[in-house]
Every structure is written in structure tokens, then in C-alpha cells.
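S.K.: One structure is given below, represented as C-alpha cells, and several questions about it will come after.
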Amino acid sequence: MKLFEIFSTKRSKLFAESVDKLLNTVDTALILFKDGVRNYLYNDQVSFSETLSAMATAETEAGVLRRDIENMLYSRGSLIRYRGDIMRLLERYDHILSIISNDLIQFEIEAPNVPAALKKEFVKLSELATMAAETTIPGTKAYFSQPDNVAENIHRVYLYDKQAVKLSQSIKRSVFHEMNQLKLSEKFHLRYFALHIEDLSTAAVKVAEQLQVMGIKRSL
């Protein structure tokens, strides 16, 4: 039986619904991350604190859903063939959640001083990295329902990642080559945050690569 046929059965409806809920929770967390970065950069402390709280809730919900999905994977013999790949895919999304949650927490703890000239660039970087991760979600949903459509749903991940890397490098170049008023420690601090936002788009590429591998296996 093909994968999409397994997930179309009534018995597996709960599994499909749980996967969908997990992906929607990831999507919500990505929106929170994007908003959180903007709130921090433009000194909206109330909204930033609310975003941190909402992110913690989303992370907890995602953890519960992932455990439920894992239990279903191990309790259904029809999914043995796909279990390892699905588990690796879930791990990739878990990594995305860890990145965006940790990044917001580090903004709160370390309170980097971002020059006004770079605020728009940091906002744009967070948007590009978020879009790379968001674009994996339709592809993942397609894998469980319309697997032939996976490729067309994830090709933009690589485009957004490339743009995020390019912008991150531009930010770091500006910091080290143009902003002579900054201390070296401040330059390293800004580089650190640019790099860790960029990591989100790299994690999105890992999801896309895993989906491609899964698509190839399914076709064999």
C-alpha cells in the first residue's frame, strides 16, 4: 500500500490530523519568531514579552504532538517502512523550533544593541529565514497526501536560504567594515545574532533535503 493510501484510511485519520496540528504549531511559532525579532528591534517590550510566552506555549504543544505521533508510528505496523524517515523529519522540525525559541531568549538575555542603520536589515533577515522554514510546511503536508507535489512545494526553500545567507553576509560586512564607532565586542555580538538567525534558513534546507530523500525512496 502506498503512503498516501495508508494515511487516507479512517484508522490513520488521527495520525494525519496530529501531523497537521504539529505543522500548524510550527507555522505559528515561526510567525511569533518574526514578530518577536521586530518587537525587540523596535523596543516594544510588552509585545516582545508576550511573544516569548506564546513561543514557550507553542514549543510545549509541539512537544506533546510529537510524542503522540511517535507513539502512533511505533504502534502501527503499516508505518514501519516509513518510520525512520518520518522520525528524522520530525527531528528537523524540532531543531527549527529550538533555533527560533533560543534566538528569542538570547535577545532577551543578551540585549544586543542593534544600530538604527541595521534594524531594517535584521528584520528582513528574520523574514527571509522565516519564509524558508514556512515554505517547507506545504511540502511536508503534500508528502502525506499528494506526494507527487512535494518537489514543487519546496523549491523556494533554497531561494529564500540563498537570500538569507547573502543578507547575513552583507550585515556582517557592514558591521566589520563600515561601523567604526562600534567596539570589537559589539561587532562580534551583532555577528552572532545575524549568524543565528541565518541558521534558521539552513535548518529549513535540512527539512527540504529530507523531504527530497523521502520522495526518492517513495518512488523506488
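The values are calculated or read from the model by the stated rules, or taken from the named source; none is laboratory data. Values in this document were obtained by computation on a predicted structure and should not be read as measured data. Counting neighbours? That spans all protein chains shown, and the Cβs are built from the backbone with ideal geometry, glycine included.
S.K.: Given (1) closer than 26 Å to LEU195 by Cα; (2) part of a helix (DSSP H, G or I); (3) of a type outside the set (Asp, Glu), identify the lone condition not met by PRO112.
M.R.: (2)
S.K.: Scanning region 9-58 for residues that are hydroxyl-bearing (Ser, Thr, Tyr), over 11 Å from LEU104 (Cα atoms) and touching a residue at least 12 places away in the same chain (Cβ under 8 Å), which turns out surrounded by the fewest Cβ atoms within 10 Å (Cβ to Cβ)?
M.R.: From region 9-58, those hydroxyl-bearing (Ser, Thr, Tyr) are 9, 12, 18, 25, 28, 40, 42, 47, 49, 51, 53, 57; that's our starting set.
Going one step further and asking which of them are over 11 Å from LEU104 (Cα atoms), we end up with 9, 12, 18, 25, 28, 42, 47, 57.
Next, only the ones that are touching a residue at least 12 places away in the same chain (Cβ under 8 Å) stay: 12, 18, 25, 28, 42, 47.
Values: SER12: 17, SER18: 18, THR25: 22, THR28: 16, TYR42: 12, SER47: 15.
Looking at the filtered set, the residue picked out is TYR42.
S.K.: Sort out which residues of region 186-220 are of a type in the set (Gly, Ala, Ser) and modelled with pLDDT of 95 or more, and write them in order of number. Write out each step before concluding.
M.R.: Residues of region 186-220 that are of a type in the set (Gly, Ala, Ser), as a first pass: 194, 201, 203-204, 208, 215, 219.
The answer is ALA194, SER201, ALA203, ALA204, ALA208.
S.K.: Also, I was wondering about something else. Hey, can you tell me all the residues within region 164-186 that are assigned to a helix (DSSP H, G or I) and either touching a Cys at 6+ places or on another chain (Cβ under 6 Å) or free of Cβ contacts under 8 Å to residues at least 40 places away in the same chain (or both)?
M.R.: Let us first name the residues in region 164-186 that are assigned to a helix (DSSP H, G or I), namely 164-177, 184-186.
Those that are assigned to a helix (DSSP H, G or I) and either touching a Cys at 6+ places or on another chain (Cβ under 6 Å) or free of Cβ contacts under 8 Å to residues at least 40 places away in the same chain (or both): ALA164, VAL165, LYS166, GLN169, LYS172, ARG173, PHE176, HIS177, LEU184, SER185.
S.K.: Of the residues that sit in region 139-151 and are of a type outside the set (Ser, Thr, Tyr), in contact (Cβ under 8 Å) with a residue 12 or more places away in the chain and surrounded by 20 or more Cβ atoms within 10 Å (Cβ to Cβ), which one is farthest from PHE15 (Cα to Cα)? Spell out how you get there, then give the answer.
M.R.: Let us first name the residues in region 139-151 that are of a type outside the set (Ser, Thr, Tyr), namely 139, 141-142, 144, 146-151.
From what's left, in contact (Cβ under 8 Å) with a residue 12 or more places away in the chain: 139, 141, 144, 146-147, 150-151.
Within this subset, residues satisfying the condition of being surrounded by 20 or more Cβ atoms within 10 Å (Cβ to Cβ) are 139, 144, 150.
Values: GLY139: 17, PHE144: 10, VAL150: 19 Å.
This residue is VAL150.
S.K.: Which condition number in (1) more than 21 Å from LYS34 (Cβ to Cβ); (2) charged (D, E, K, R); (3) modelled with pLDDT of 95 or more is the one that LYS124 fails?
M.R.: Exception for LYS124: condition (1).
S.K.: Select from region 48-73 the residues that are within 17 Å of ASP103 (Cβ to Cβ) and not hydroxyl-bearing (Ser, Thr, Tyr) and list them in ascending order.
M.R.: PHE48, GLU50, LEU52, ALA54, MET55, ALA56, ALA58, GLU59, ALA62
S.K.: Here is a follow-up. Restricted to region 1-20, and to residues that are assigned to a helix (DSSP H, G or I) and small (Gly, Ala, Ser), which residue is modelled with the highest pLDDT? Reasoning before the result, please.
M.R.: Of the residues in region 1-20, the ones assigned to a helix (DSSP H, G or I) are 3-6, 10-20.
From what's left, small (Gly, Ala, Ser): 12, 16, 18.
Values: SER12: 66, ALA16: 79, SER18: 89.
Residue satisfying both the conditions and the ranking: SER18.
S.K.: Separate question: Being in a helix (DSSP H, G or I) and farther than 24 Å from ASP103 by Cα narrows it down to one residue among ASP161, ASP148; which is it? Full working, then the answer.
M.R.: Values: ASP161 fails: farther than 24 Å from ASP103 by Cα.
It is ASP148.
S.K.: Six or more apart or on different chains, Cβ under 8 Å: which pairs go from a residue in region 187-213 that's more than 30 Å from GLU152 (Cβ to Cβ) to one that's part of a helix (DSSP H, G or I) and basic (Lys, Arg)? Could you list them?
M.R.: What qualifies is LEU190/LYS172; ARG191/LYS172; ALA194/LYS172; LEU195/LYS172.
S.K.: Among the residues in region 120-138, are any farther than 21 Å from PHE48 by Cβ, of a type in the set (S, T, N, Q) and surrounded by 14 or more Cβ atoms within 10 Å (Cβ to Cβ)?
M.R.: Checked region 120-138: at least one residue is farther than 21 Å from PHE48 by Cβ, of a type in the set (S, T, N, Q) and surrounded by 14 or more Cβ atoms within 10 Å (Cβ to Cβ).
S.K.: Here's another thing I want to ask about it. Out of the residues in region 21-76 meeting the condition of being basic (Lys, Arg) and assigned to a helix (DSSP H, G or I), tell me which one is farthest from ARG92 (Cα to Cα). Outline the logic, then answer.
M.R.: First pass over region 21-76, keeping only residues basic (Lys, Arg): 21, 34, 38, 66-67, 76.
From what's left, assigned to a helix (DSSP H, G or I): 21, 34, 38, 66-67.
Numbers: LYS21: 16, LYS34: 19, ARG38: 25, ARG66: 12, ARG67: 15 Å.
Ranking the candidates gives ARG38 first.
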